[in-house]
Structures are given as C-alpha cells and as structure tokens.
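> Pasting in a structure now, in structure tokens, and then I'll have a few things to ask.
Here, each number is a calculation from the coordinates, and none is a lab measurement. Computed from a predicted structure; not experimentally measured. Backbone-built Cβ (ideal geometry, glycine too); neighbour counts: all protein chains shown.
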Amino acid sequence: MTDASNSAPDRSALAPPFARVSEDDISLVVETFYSRAREDEMLGPVFMRHVEDWPAHFERLKAFWSSVLNLTGRYDGMPMRVHAGIGELTPAHFDRWLALFAETLADTVDPRAAQEFLVRARNMADAHKRFLFR
C-alpha cells in the first residue's frame, strides 16, 4: 500500500484545466508560422541556412510552445544558446519574427489563444535581444 501523502501528484490529471492553448492550436501556429517564415524575405534565408530537418524542427518547436504555454515540460533545450550561435542575427530579425508571428496568430487562432502566445513571444523576443545585443 502506498502512502498518498508521499507520492508525486498525477500531473496528467492537472493538465487539462491549466492548458492555456490546445496542442492542436500549437501545431497549427508552428506549422503556419514557419511555412510563412521560410518564404519571408528577411527571415527565410536565415532559417534555410540553419534548419536542416524541418519535420524535426517543427516537433521541437511544438514541444517548446507546449512547455511555455501549458507547462508540459516537453521541451528540453537552450534557445538562447542556439540563437547566439547564429552570427547573422540582428535586432531587426527578432522584430520581424514577432510581427510575422502576430500576423500568423491573428490568422489562425482565437483571440484568447493568440494573446497567450503573443505575451510570451514578446517576452522571448525582448529577452533574446537583451542577451544577444547588449
């Protein structure tokens, strides 16, 4: 018999009420945004030089957003270090990323979900610019 007070909580039971954005919406946003980003005049060349396996990149980004938005813990990585290794990035790249991301959100998900994404995306863009260009 297990003492319930010593056992770890069943996080899967807690996940649905705390999910801010559905996993389907996360997938839709990631796939739509990066399809657009690859075609973007400013962002496209950077992505095309640095992403070799798009399906794997999509899965990693979906895990990232799931962790950020829904606290799933699916992502295990260091995005600041990854972006620091891309010497051609400028603050303008992050500004364009954020603008295109906001456009994609407006086109793909409901306003509540878009706001959940956008608040965090703004914070990430600002943090990257502070870290990379101080």
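> Could you check the simple spin-label distance between MET42 and ARG120, using points 7 Å along Cα→Cβ, in nm with one decimal?
2.4 nm
> Of the labelled options [x] 165; [y] 139; [z] 110, which one gives volume of the Cα convex hull per residue in Å³ as computed for this structure?
[y]
> Something else: Calculate the FRET efficiency for THR32 and ARG74 from the Cβ-Cβ distance with a Förster distance of 22 Å, rounded to the nearest 0.05. Don't skip to the answer; put the middle values down first.
Details: r = 20 Å, r/R0 = 0.90.
Efficiency at R0 = 22 Å is approximately 0.65.
> In nanometres, what is the gap between the two model label sites at ARG112 and ARG134, each 7 Å from Cα along Cα-to-Cβ?
Roughly 3.8 nm, to one decimal.
> Based on the mean of other beta carbon atoms within 10 Å per residue, what is the order of 71-79, 34-42, most packed first? Before the final figure, lay out each step's value.
Values: 71-79: 12.9, 34-42: 14.6.
Per-residue Cβ counts within 10 Å, averaged per peptide and sorted highest first, yield 34-42, 71-79.
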